[in-house]
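Encoded as structure tokens, the structure appears first; notes follow it.
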């Protein structure tokens, strides 16, 4: 039995920096990683997808070059080069992270599958070697999630792609069927449309992006349809049939009756499932909920003293920056003053469709459900001087303001560089500023942020 002060399972955006900092503080730390250092974000999530989104945007702008008075003489997409560029960026990020961990004193990086054998004991099955038995009084689980495979008749017997394998395609699909109208499905759908695929998005809900306000969902759908994407709402896939090289066929139940959708490829993007089932949590007495997530308190502690769950696996918002904040909370409580919690933190996020959709705080629907007395400021992007100059006028800005205090409670931005505009509003929210401070601020002209003057001036009409 190898004894440590702490065992960290997973090297995602919480586990990796926490392991490093604990080791730097003099703890003896074992870090177990079953695949590649960096977790979902670096290897199969944010980093590779946004690298490919950037390539797709270049293709889109090249196709619109004539609108700007530029003649390129045609556009061609080299999917193998897109893939290679993605791999190079991922390898750089992951490899750099691995080297930093390996160079950290007091830290052992172990590659293999981890399973609990007791509350304070973990067995690691090392590929090509003997199992290693680790023991520590503190264990941190940062094991993440994987793509969910829904129980659809014929699906597992047919060729299909998930959010990981779709990025390894060496050719542009002729017709990509996308099952799921959430963040992941829409990013990939628009991406491959811009690479040259025909794309059909199949979504069982009445609107895309089911957690967002209806006006946002409708505007996103309009933009995607304008880009040539077919969107089928309130449509359920009841069966899938296909074979390698012959494409796939999905049978659908729709409001207009049963129909068939045929494509060369099928991408299944209907959510993710936690990797808790691989950890033998029962041996440690760690509870999971009905969805497989590990419930935690505001200090990220599980029901078992000495065991924490960080990142996606604990069922919180499944974003890299939330996992990183989990690390900050855990670090502060272990090495700092011990007063950090996750209570009341804002959850910003950006969906990398184009134009971007970004949100933080309450939506209009959230405010109504909570019975809040609010005012709603809204400004179309075609009222924004900088967007007009860039010929990027699709979408709108929207802010939710508390009527009694003039405090900004939330915002949604569907527009060019929406994530950056949202972040500006988030900083105002963190500073507890009234909307009037942004309404009356002097912003550089012409910038996208300058439009916040007009956004909030709309409340004075």
*asked:* Checking residue 277 against (1) in contact with a strand residue (DSSP E or B) (Cβ under 8 Å, 6 or more places away or on another chain); (2) closer than 23 Å to residue 162 by Cβ, only one condition comes out false. Which one?
replied: (1)
*Only one of these conditions is not met by residue 241: (1) in contact with a strand residue (DSSP E or B) (Cβ under 9 Å, 6 or more places away or on another chain); (2) part of a helix (DSSP H, G or I). Which number is it?*
(2)
*Would you mind telling me which numbered condition in (1) surrounded by 15 or more Cβ atoms within 10 Å (Cβ to Cβ); (2) outside the structural domain of residue 322 (by TED's automatic domain parsing) residue 168 fails?*
(1)
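For the stretch 16-39, give me each residue that is part of a helix (DSSP H, G or I) and surrounded by fewer than 24 Cβ atoms within 10 Å (Cβ to Cβ).
So the first thing to find is which residues in the stretch 16-39 are part of a helix (DSSP H, G or I), and the list is 16-24, 39.
Matches in the stretch 16-39: 17, 20, 21, 23, 24.
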_Checking the structure you have, find out if any residue of the stretch 74-81 is out of contact with any strand residue (DSSP E or B) (no Cβ under 9 Å at 6 or more places or on another chain), at positive phi and either buried (at least 19 other Cβ atoms within 10 Å of the Cβ) or modelled with pLDDT under 95 (or both)._
yes
_The one condition in (1) touching a residue at least 24 places away in the same chain (Cβ under 8 Å); (2) surrounded by fewer than 20 Cβ atoms within 10 Å (Cβ to Cβ) that residue 156 fails to fulfil_ = (1)
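Can residue 263 be described as surrounded by fewer than 17 Cβ atoms within 10 Å (Cβ to Cβ) and either over 24 Å from the mean Cα position of the chain (by Cα) or not assigned by TED's automatic domain parsing to the domain that holds residue 394 (or both)? Explain how you work it out, then say what you get.
Values: surrounded by fewer than 17 Cβ atoms within 10 Å (Cβ to Cβ): no; either over 24 Å from the mean Cα position of the chain (by Cα) or not assigned by TED's automatic domain parsing to the domain that holds residue 394 (or both): yes.
Criteria not met by residue 263.
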*Which condition number in (1) within 27 Å of residue 296 (Cβ to Cβ); (2) within 28 Å of the chain's Cα centre (by Cα); (3) exposed (fewer than 15 other Cβ atoms within 10 Å of the Cβ) is the one that residue 99 fails?*
(1)
*Would you point out which residue out of 107, 72, 61, 101 is without any contact (Cβ under 8 Å) to a residue 40 or more places away in the chain and in contact with a helix residue (DSSP H, G or I) (Cβ under 7 Å, 6 or more places away or on another chain)?*
72
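Sort out which residues of the stretch 314-343 are within 20 Å of the chain's Cα centre (by Cα) and either in a helix (DSSP H, G or I) or touching a residue at least 60 places away in the same chain (Cβ under 8 Å) (or both), and write them in order of number.
Residues of the stretch 314-343 within 20 Å of the chain's Cα centre (by Cα): 314-328, 342.
Across the stretch 314-343, the qualifying residues are 314, 318, 320, 321, 322, 323, 324, 325, 326, 327, 328.
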*Scope the stretch 292-310; condition part of a strand (DSSP E or B) and either touching a helix residue (DSSP H, G or I) at 6+ places or on another chain (Cβ under 6 Å) or crowded, with 22+ Cβ neighbours inside 10 Å (or both); matching residues*: 307, 308, 309
*Inspect the stretch 199-218 for any residue being at pLDDT 95 or above, under 19 Å from residue 64 (Cβ atoms), touching a strand residue (DSSP E or B) at 6+ places or on another chain (Cβ under 8 Å) and in a strand (DSSP E or B) and give the result as yes or no.*
yes
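The values are calculated or read from the model by the stated rules, or taken from the named source; none is laboratory data. Model, not experiment: these values are computed from the prediction. Virtual Cβ from ideal backbone geometry, glycine too; neighbours counted across all protein chains shown.
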